[in-house]
1. Those residues that are over 18 Å from residue 15 (Cβ atoms) and surrounded by fewer than 17 Cβ atoms within 10 Å (Cβ to Cβ), I need them from segment 48-60; list them, please.
2. Scan segment 36-47 for residues that are at pLDDT below 90 and loosely packed, with under 13 Cβ neighbours inside 10 Å and jot them down.
3. Which residue out of 50, 106 is modelled with pLDDT of 90 or more and farther than 21 Å from residue 1 by Cβ?
4. Of all residues in segment 13-23 being over 19 Å from residue 103 (Cα atoms) and in contact with a strand residue (DSSP E or B) (Cβ under 6 Å, 6 or more places away or on another chain), which is surrounded by the fewest Cβ atoms within 10 Å (Cβ to Cβ)?
5. Considering only residues that are within 24 Å of residue 77 (Cα to Cα) and part of a loop (DSSP other than H, G, I, E, B), which ones fall in segment 2-49?
C-alpha cells in the first residue's frame, strides 16, 4: 500500500499515529516510502476513541492555515467512524486491513470522502503472479 500511496502524496505535513504497537509498526513501514515532517502519537486514535472528538482534533490540525496533508494511522472501528464524522452524509465504511481513505477537509463544511482503497482493490496496479500458491497441474 505504501508503494501505491507514495506517488500520490510523497510527503505529509503531519502524521498522527495511534500509540498501539501495530500502528507504530505500520508507520515505520510507510515511512520507508512516504515522508512525514512531524510525527505524533495520539491517544485520541485508539480503536474505541470518540470519533467526534478525534475529528475535532484532525480539523484543528488540517486546513488552509495549518497542515495541508495529514496522515492518520489508526484502527477499526475508529477510522470508519472518523469518515462518518468528518464527511456529512457518509456512512461509516468498513476498512480492510491496510486500508487507506482520502478525505478532503473544508473546515467550514466538513469533508469530502474521495476514496477508500485496500490491498485487493489496487491489485491491477500491482498484479500478483498466478497461481498464488501451489501449482496448477
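The values are calculated or read from the model by the stated rules, or taken from the named source; none is laboratory data. Because the structure is a prediction, the values reported are computed rather than measured. In this analysis, Cβ positions are derived from the backbone assuming ideal geometry, glycine residues included, and neighbour counts consider all displayed protein chains.
1. Step one: list which residues in segment 48-60 are over 18 Å from residue 15 (Cβ atoms), which gives 48, 50-53, 56.
Result: 48, 50, 52, 53, 56.
2. Restricting attention to segment 36-47, the residues satisfying the condition of being at pLDDT below 90 are 36-37.
Across segment 36-47, the qualifying residue is only 37.
3. 50
4. Going through the qualifying residues, I end up with 19.
5. If the condition is that a residue be within 24 Å of residue 77 (Cα to Cα) and part of a loop (DSSP other than H, G, I, E, B), then 18, 19, 20, 31, 42, 46, 47, 48, 49 are the ones that fit.
Listed here are the residues, each with its yes/no results for (1) assigned to a loop (DSSP other than H, G, I, E, B); (2) at pLDDT below 90; (3) touching a strand residue (DSSP E or B) at 6+ places or on another chain (Cβ under 7 Å); (4) at positive phi.
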residue: 72; (1), (2), (3), (4): no, no, yes, no
residue: 80; (1), (2), (3), (4): no, no, no, no
residue: 91; (1), (2), (3), (4): yes, no, no, no
residue: 97; (1), (2), (3), (4): yes, yes, no, no
